[in-house]
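Single-structure report; data block below.
The values are calculated or read from the model by the stated rules, or taken from the named source; none is laboratory data. Since we're looking at a predicted model, the values are computed, not measured. Don't worry about glycine lacking a Cβ; one is built from the backbone with ideal geometry, like all the others, and counts go over all protein chains shown.
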Amino acid sequence: MLNGIDISAWQRGIDAASVPSDFVIVKATQGLDYINDDCDRAYQQAKAAGKKLGVYHFSDGNSSGVAEADFFIDNIQGYIGEAILVLDWETDAVNCGPGYAKAFLDRVQARTGIKPMIYMTGSVVNEWDWSAVVAGDYGLWVAYYSKDSCDGYWPDAPMYPISDWAGAAMLQYTSGGYLPGWGDRLDLNVFYGDHAAWDAYAGGGTGVTPQPQPTPTPEAQENAQNTGTYIVQSGDTLSAIADRYGTTYQHLAAINGIADPDLIYPGDVIVIDGVAFGSGQTYTIQSGDTLSDIAGRFGTSVAHLAALNGIENPDLIYAGDTIRIN
């Protein structure tokens, strides 16, 4: 197994050579118009230090998978063949569905000869049908935050129970990691393979079987059902969000690095980790909500919510109704 970090412009200036890691994955692009101007600096630092490398594209879902893939490839020419290529599939892009994501993955493979990975949360894996992506032999990097914070690496972190894929190639287990050489939070990851497996992903090799992922504990499986993210809506307060999720605003502020709990903004993504959840949790439907949105925020599935609440048509829910989450 290999331990490593993924970084973006939020970690601008980080010394990728001195922060301990086996690998460094750097955000390169987003949508059709964003290029991380700190990407190459960090990438070259990590490369010079002999670390394994990766670069990722954050999809915004506003055009097409092919167009986003072309933008990504056009801006990573110097990295192809030595870095794992990754599609970051979260937030607004998720609602575009697996077809959009597969178009991106297929385009990258067609132009580079390399099969990229796809990154997403465990709840997104389980909510959608990814069988076509799995059939395309694209590796999975899954996010499941099982700790608020983590001092140093935790390669035995529990894995989110996932569907479609036989196992994940990589797990991101916290966004609150702390390592020597950087004074702020970091995303920490474990890759279930060795250096040769990493090189095969980066160089276009096929048939690489990552090392087996850890068997999730019963407690981890239970918490996984109550884990995910919540997208802040207009009029939300951190206190109200905490109430909906059966936790406290102090806890949410702590795990999300929110200095002032009174200052959150529509569109912000709040990590919900399930630590303070209990059975009997409810949610009051807001204007504009869909059952799919709610399931994604709470790290569960549409089918689960519909069955639990006796909802015959998942497309028909109404603002003001209160539904059970667990």
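Residues that are modelled with pLDDT of 70 or more and within 22 Å of the chain's Cα centre (by Cα): which helices (runs of 4 or more DSSP H) entirely in segment 180-257 hold 1 or more of them? Let's see the steps before the verdict.
Details: elements: 195-203, 218-224, 238-245, 249-256.
The helices (runs of 4 or more DSSP H) meeting that bar are 195-203, 238-245, 249-256.
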**Request:** List every residue pair whose Cβ atoms sit under 6 Å apart, with the two residues 6 or more apart in sequence or on different chains, where the first one lies in segment 175-196 and is under 14 Å from A254 (Cβ atoms) and the second, anywhere, is crowded, with 20+ Cβ neighbours inside 10 Å and among the small types (G, A, S).
**Result:** R185/G176
**Request:** Tell me, please, whether a residue that is of a type outside the set (D, E, K, R), over 23 Å from S123 (Cβ atoms) and outside the structural domain of T290 (by TED's automatic domain parsing) can be found in segment 85-98.
**Result:** yes
**Fill in**
When (1) over 16 Å from R107 (Cβ atoms); (2) touching a residue at least 24 places away in the same chain (Cβ under 8 Å) are applied to G50, the one that fails is (2)
**Prompt:** Based on what the data block shows, is G176 part of a strand (DSSP E or B) and out of contact with any strand residue (DSSP E or B) (no Cβ under 6 Å at 6 or more places or on another chain)?
**Reply:** yes
**Message:** With the structure loaded, tell me whether E127 is farther than 29 Å from D22 by Cα and among the acidic types (D, E) or whether it fails that test.
**Reply:** yes
**Item:** Failed item, numbered, when D15 is tested on (1) surrounded by fewer than 16 Cβ atoms within 10 Å (Cβ to Cβ); (2) at pLDDT below 95
**Value:** (2)
